[in-house]
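Here the structure comes first, spelled out in structure tokens, and everything after it is commentary.
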Amino acid sequence: MRGTAVADIGIQTSAPELAVPLLVAALKDSSVSANAANALANFGTNALVAFPILTNLVESENAGTAGAALKTLVIIAPDEALPILTNCLAQGKPEIDTALKALTDVRPAKALPIVLTRLQSPDIKMRRAAFGLLRHYPATSQIESAMQTIATDSDSDLANSAKGFLTDQYETNHPDAFLFPDEPSCSGRRLGEWLKMRDADGFISQDATNAIQHIGTNAIPALLKRLVYVRPAYCFSPFQININAAGGFVALGELTKPALPELWILMDSTNNDIALTAMIATCGTGSNALPFLIKGLTNQFISVRSEAANILTEGVGDKFPEQRKQAIPLFVKLLNDPDDDIRLNATNQLKQIDPAAAAKAGIK
């Protein structure tokens, strides 16, 4: 009943002269002191009269009461409460997060050093709470630097959250037109716009294919730039940009041939996404793609080896069975691949494309 009364009084912010004295009196009742402390925060500087009592309550053995008192002190008198908050932090007292959140709202500049310090804590819960506060700060160079550090955190959830924040900032500050200026156009649309146009199955639409073919070999420099585009290490991979570029090459079809020497080199990239998309980019060139797919079977990256085997079995390779025979020894080697899935797939694929070779390799 007393708790309900305190809550009702706490919403009477239009009559502080009546409500505040009642709430100050309620601070002395241990059963509702936390409620009263929280309610006083609604009255801002009108609750300054409660400062001495709230200061004493910060030392309460009841963590809920102490936390509520500290938070309200920060709200009604942030500058005066800062030494108290700093002392509580040094003592490792619980229920600090709500008070620190209040400080970031009213004195963000003064709260920032505390937030940054807590980001270095060995306590994962403390780091996560600090990150939750940091992400609401304006994205200055100092905040970005801190986020880059968090992006390498041992906690994957925290690291991924930081990478997501940084990726969003990067995309905001680096729009498509800024990243890829002077791209060729067709029918009033830039190449990048056509690359994003998909049909119901998720492939580049026929209209986009027609437009890309109309642009012709003039699209090659822009597509290569998109294919090798890499964001900073602390951002998520821009795989969609890379794979869209590969799709653009496939849409070009035979017109991709002038780019084949460059794509051959890119397949040796130390970047997984670039190696994979460089190989996929050749798939519109007919038989010219076979050497790239065969090369892909020995690539250092699992995804490239796997995709090369898939395309040779059920994609481009089906159309050129004689040339595909060159890949048979490499399929046999994949039977001993370090990756379990590739070994299993290679077993099934070899049986499909060359049953005799599969039997000779001991596959039943």
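The values are calculated or read from the model by the stated rules, or taken from the named source; none is laboratory data. Given the structure is predicted, the values throughout are model-derived calculations rather than measurements. Cβ sites come from the backbone with ideal geometry, for glycine too, and all protein chains shown count toward neighbours.
Conditions tested, residue by residue: (1) within 23 Å of the chain's Cα centre (by Cα); (2) modelled with pLDDT of 95 or more.
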site: Arg198; (1), (2): no, no
site: Asp201; (1), (2): no, no
site: Asn210; (1), (2): no, yes
site: Gly216; (1), (2): no, yes
site: Val228; (1), (2): yes, yes
site: Pro238; (1), (2): yes, no
site: Gly247; (1), (2): no, yes
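Identify, please: which residue in segment 255-278 is in a helix (DSSP H, G or I) and under 26 Å from the mean Cα position of the chain (by Cα) and is, among those, surrounded by the fewest Cβ atoms within 10 Å (Cβ to Cβ)?
Asn272
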Original post:
Are there any pairs, at least 6 apart or on different chains, whose C-beta atoms fall under 9 Å, with the first in segment 50-65 and over 25 Å from Leu18 (Cα atoms) and the second surrounded by 14 or more Cβ atoms within 10 Å (Cβ to Cβ) and among the basic types (Lys, Arg), and if so, which?
Top reply: Ala63/Lys93
Original post:
When Asp339 is evaluated against the numbered criteria (1) farther than 20 Å from Leu260 by Cβ; (2) surrounded by 19 or more Cβ atoms within 10 Å (Cβ to Cβ), which criterion, by number, is the only one it fails?
Top reply: (2)
Original post:
Do we find a residue being out of contact with any helix residue (DSSP H, G or I) (no Cβ under 6 Å at 6 or more places or on another chain), surrounded by 17 or more Cβ atoms within 10 Å (Cβ to Cβ) and either among the β-branched types (Val, Ile, Thr) or modelled with pLDDT of 90 or more (or both) anywhere in segment 102-113?
Top reply: yes
Subject >> Enumeration of residues in segment 126-157 that are more than 19 Å from Glu171 (Cβ to Cβ) and of a type in the set (Val, Ile, Thr) >> reply: Thr149, Thr152
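Just give me the residues in segment 43-60 being surrounded by 19 or more Cβ atoms within 10 Å (Cβ to Cβ) and not aliphatic (A, V, I, L, M), in sequence order. Spell out the reasoning first.
First, the residues of segment 43-60 that are surrounded by 19 or more Cβ atoms within 10 Å (Cβ to Cβ): 43, 47, 50, 54, 57-58.
Hit for segment 43-60 is Phe43, nothing else.
For Thr282, state whether it is within 34 Å of the chain's Cα centre (by Cα), at pLDDT 95 or above and over 30 Å from Gln206 (Cβ atoms). I'd like the intermediate steps shown before the answer.
Numbers: within 34 Å of the chain's Cα centre (by Cα): yes; at pLDDT 95 or above: yes; over 30 Å from Gln206 (Cβ atoms): no.
In short, no.
Working carefully through the options Leu223, Leu227, find the one that is outside the structural domain of Ser156 (by TED's automatic domain parsing), touching a Gly at 6+ places or on another chain (Cβ under 8 Å) and under 24 Å from Glu171 (Cα atoms).
Working: Leu227 fails: touching a Gly at 6+ places or on another chain (Cβ under 8 Å).
None of the other options fit; the residue is Leu223.
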Subject >> Checking Thr282 against (1) out of contact with any helix residue (DSSP H, G or I) (no Cβ under 6 Å at 6 or more places or on another chain); (2) assigned to a helix (DSSP H, G or I); (3) of a type outside the set (Lys, Arg), the condition it does not meet >> reply: (1)
Original post:
From the set of residues in segment 142-188 that are of a type in the set (Gly, Ala, Ser), touching a residue at least 60 places away in the same chain (Cβ under 8 Å) and not in a loop (DSSP other than H, G, I, E, B), which is surrounded by the most Cβ atoms within 10 Å (Cβ to Cβ)?
Top reply: Ala162
